[in-house]
1. Among GLU288, GLU302, GLU280, which is in a loop (DSSP other than H, G, I, E, B), over 24 Å from GLN171 (Cβ atoms) and over 19 Å from the mean Cα position of the chain (by Cα)?
2. In segment 177-205, what residues are surrounded by fewer than 24 Cβ atoms within 10 Å (Cβ to Cβ) and more than 23 Å from PRO78 (Cβ to Cβ)?
3. Check whether at least one residue in segment 181-188 is within 20 Å of THR312 (Cβ to Cβ) and of a type in the set (Val, Ile, Thr), and report yes or no.
4. Inspect segment 67-86 for any residue being under 23 Å from ASN219 (Cβ atoms), hydrophobic (A, V, I, L, M, F, W, C), touching a residue at least 40 places away in the same chain (Cβ under 8 Å) and surrounded by fewer than 19 Cβ atoms within 10 Å (Cβ to Cβ) and give the result as yes or no.
5. Considering each residue of segment 240-255, count those that are surrounded by fewer than 19 Cβ atoms within 10 Å (Cβ to Cβ) and either modelled with pLDDT under 95 or not in a loop (DSSP other than H, G, I, E, B) (or both), and give that number.
6. Which of the residues spanning segment 305-316 are assigned to a loop (DSSP other than H, G, I, E, B) and either at pLDDT below 95 or under 15 Å from ALA216 (Cα atoms) (or both)?
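The values are calculated or read from the model by the stated rules, or taken from the named source; none is laboratory data. Because the structure is predicted, anything quoted here is derived from the model rather than measured. Here the Cβ positions follow ideal geometry from the backbone for every residue, glycine too, while neighbour counts run over all protein chains shown.
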Amino acid sequence: MNKLTFTLLALLMVSACSDKTIKIEKQGHFSVGGTTVQREGAYDNSQFIGWAEQNETGQSYRGDHAFVEYQIPVGAHPYPLVFVHGYGGSGVCWQMTPDNRDGFATLMLRKGYSTYVMDLPGRGRAGRTTAEKQIKPVADEMFWFDIWRIGVWPTYNKGVQFSQDPVYLSQFFREMTPDLSDHTLDVGAIDALVNKIGNSVLVTHSAGGFPGWLVAMQNDRVKGVAAFEPGGYVFPEGEVPKPMPSLTGSLEGVPVPLESFLKLTKMPIVLYFGDYIPEESSSRLGDENWRVRLQMGRKFVETVNKHGGQATLVELPKIGIYGNTHFLMQDLNNDVIADLFNKWLTESNLK
């Protein structure tokens, strides 16, 4: 064996053993859920009106589905992770970071979990819907800068795990996508995915948290829920906390039958909240929005456990992890968050 061949072989062996190597058994994408509209009459293929305008007689239209991209590693753990995004975005928030570090789904793939990343109906690659909406370009990025606790424009929060490079900020906001949904289809789409892939763990973010609770209550194949800063909560009828007013509106728990709520006590649940969330009222919109959602989250966890459940609330600053925004799974320390999540999965027998 000559020196060049030996060197190349050594490099290949190092690469094969590197943490950067992922062996994928299968990957792809598909749609779940959805509806089909069928117009009456017989289709006439002799007519041409235009590419955008059509004589719809006898024609069909498929929409209202979710788009799912999946990757299954060699020797995958038994429970796949189903990633559900929040308002204003798509599954991209789980797949990438603004500076091209490993996205959260990739970090978990490296730890041996199959990953199923959803674009919910009407968002991202699932934009073909039956809802009729007018899309208006609204200049709102400074508002979301505040709401998502990056800072108060143009000042970044001290010690924030969010790069202050303007290119990073630009890439972050370019992840946002128009919302063409009427928001009534999310539960059905998530439920359809769980039915398709079987026993799995829901990993939700923000506005995706609420439909996550509903699916977990109705589908026995959901074996655990990890909610990253969920935006809403369910409570048993007669046990709903008082509304919590804030500058961004009053947050109210949603009552559900006790029999349904008890389904949440049969699985491990964890909630993660980041930094810059005050205990007292504030004049800052982002502080206020998440102050009440964290406080309601505490009551949710307390109620689940009161009924015999196994719910945990992780407030990152309280365990020495600082600077996280609302998008903690994309923040500069998302690898630390992934390690923390993996530890919970392991301790919850979901690995």
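1. GLU280
2. Result: THR177, PRO178, ASP179, LEU180, SER181, ASP182, HIS183, THR184, VAL187, GLY188.
3. no
4. yes
5. 3
6. Correct list: GLY309 only.
Yes/no per residue for (1) in a helix (DSSP H, G or I); (2) among the charged types (D, E, K, R); (3) modelled with pLDDT of 95 or more:
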| site | (1), (2), (3) |
| --- | --- |
| ASP179 | no, yes, no |
| GLY188 | yes, no, yes |
| LYS196 | yes, yes, yes |
| THR204 | no, no, yes |
| TRP213 | yes, no, yes |
| GLY232 | no, no, yes |
| GLY238 | no, no, yes |
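Yes/no per residue for (1) of a type outside the set (D, E, K, R); (2) under 24 Å from PHE162 (Cα atoms):
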{"residue": "SER283", "(1), (2)": "yes, yes"}
{"residue": "GLU288", "(1), (2)": "no, yes"}
{"residue": "LYS299", "(1), (2)": "no, no"}
{"residue": "LYS306", "(1), (2)": "no, no"}
{"residue": "LYS318", "(1), (2)": "no, yes"}
{"residue": "THR325", "(1), (2)": "yes, yes"}
{"residue": "TRP344", "(1), (2)": "yes, no"}
{"residue": "LYS351", "(1), (2)": "no, no"}
